[in-house]
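Here's the structure we're looking at; comments come further down.
Every number in this text was worked out from the coordinates using simple rules, so none of it is lab data. Nothing here was measured: the structure is a model prediction, and the numbers come from that model. FYI the Cβ positions are ideal-geometry reconstructions off the backbone, even for glycines, and counts take in every protein chain you see.
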Amino acid sequence: MKRREFITLLGGAAASLVSWPRATRAQQSMPAVGFLDLRSADVVSERLRGFRQGLKDNGYVEGDNVTIVYRWAENQIGRLPELAEELVRRQVAVIATSGSERATAAAKAATTTIPIVAIFSQDPVKLGVAASLNRPGGNVTGINIFSGELPAKRLGLLHELLPRATRIAVLVNPSDSEITNSTLIDLEPAARVLGVEIHALNASNSGEIDVAFTTLLRERCDAVLVSGSAFFNSRRVQLVNLSVRHGIPLVAGLREYAEIGGLMSYGVSVGDAYRQVGLYTGRILKDAKPADLPVVQSTRFELVINARTARMLGIEVPPTLFAAADEVIE
């Protein structure tokens, strides 16, 4: 072989050796984000758009320069620790948790070093996962959506809508003891001020939801408030169908209830909360420390009224509520 041909061949081989590791390094350097949720993928699909948008706002696009590793517990709380440990073994750069404080607790138990960005339904300081809201410390931060702190406001809106209602059923999940306790504590003083009687009904599976509705009908309750349990959110179709079938006005925290036939919803903009989780995840991928990222307090709240359901139930919505609503479903 001539010397010039040998040098050309050697140069080409060297170029190949250089380019191949670069491609490999590029593939290996793509960060992975873990996403841990108590529920199933179909329940969270719409909200994931907000999460991906938050990542995109920080320059991260799924499949382009970031990988998202999803783990769904399918409403089986006992699976959360195992799924969290899988994400730790996968060596993800960040774990995002939603659907329940149990998911955050499982992730925190699995790792003290991987950053965790959580959606909190209650004060994370009271839950013991953050030292303070401004400087959470440790490896956990996130967004507080107040779902355990808004029942009194929903009761007030319900009273404005149904001023003659005196017996209100409150559906709580005893498996979510923190949310159940905070819901009832929040409602008791508000109920006394409004002069209404609260009937707490427990349900932690589909059959118990049916039993709860049988009970509230027997006790002649005028309406039902659904607490912010992730389990109830996953069973919202069943809940709304029962309320419509029995002519019982239903009020909940998530707009999805009103969208499928519930009378009214009032709560935070969950889509915006997921976007905030994506934003924080992106910031951590850029080397921000969760200990230094303040827990975000949700500031966007939505009142949604289903006018079609109101007409079906024979309820005349006051003009003041229509005016205050962020959306009226016709």
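Observations on the structure shown:
- Size of charge dipole - region 43-173 - debye, nearest 20, with Cβ of Lys, Arg +1 and Asp, Glu -1, no other charges: 300
- Spatially proximal aspartates and glutamates relative to Lys126 (Cα-Cα < 17 Å; intrachain offsets below 8 disregarded): Glu101, Glu149, Asp176, Glu178, Asp186
- Magnitude of the charge dipole, the chain, Cβ model with Lys/Arg +1 and Asp/Glu -1, debye to 20: 1240
- Positive-end residue, the chain charge dipole about Cα centroid, Cβ charges, pick of Gly262, Val295, Ala200: Val295
- Dipole magnitude (debye, nearest 20) for region 199-330, charges at Cβ of Lys, Arg, Asp, Glu: 200
- If the chain linking Thr299 and Val193 were pulled fully straight, counting 0.36 nm for each residue of separation and taking away their Cα-Cα distance, it would gain 35.6 nm.
- For a straight C-alpha distance cut-off of 19 angstrom, no lysines are reachable from Lys153 once same-chain residues fewer than eight places away are disregarded.
- The packing ranking, built from the mean of other Cβ atoms within 10 Å per residue, places the peptides 250-257, 132-139 in the order 250-257, 132-139, highest first.
- Candidate aspartates and glutamates for bridging to Lys108, where Cα separation is under 14 Å - those fewer than 8 sequence places away on the same chain excluded: Asp37, Glu82, Glu85, Glu86
- Comparing Pro31, Tyr70, Val277 along the charge dipole axis of the chain, the residue lying farthest to the positive side is Pro31, per the Cβ-charge model.
- When the chain is treated as a Gaussian network with alpha carbon springs shorter than 10 Å, the biggest mean-square fluctuation among Lys289, Lys153, Lys126 belongs to Lys126.
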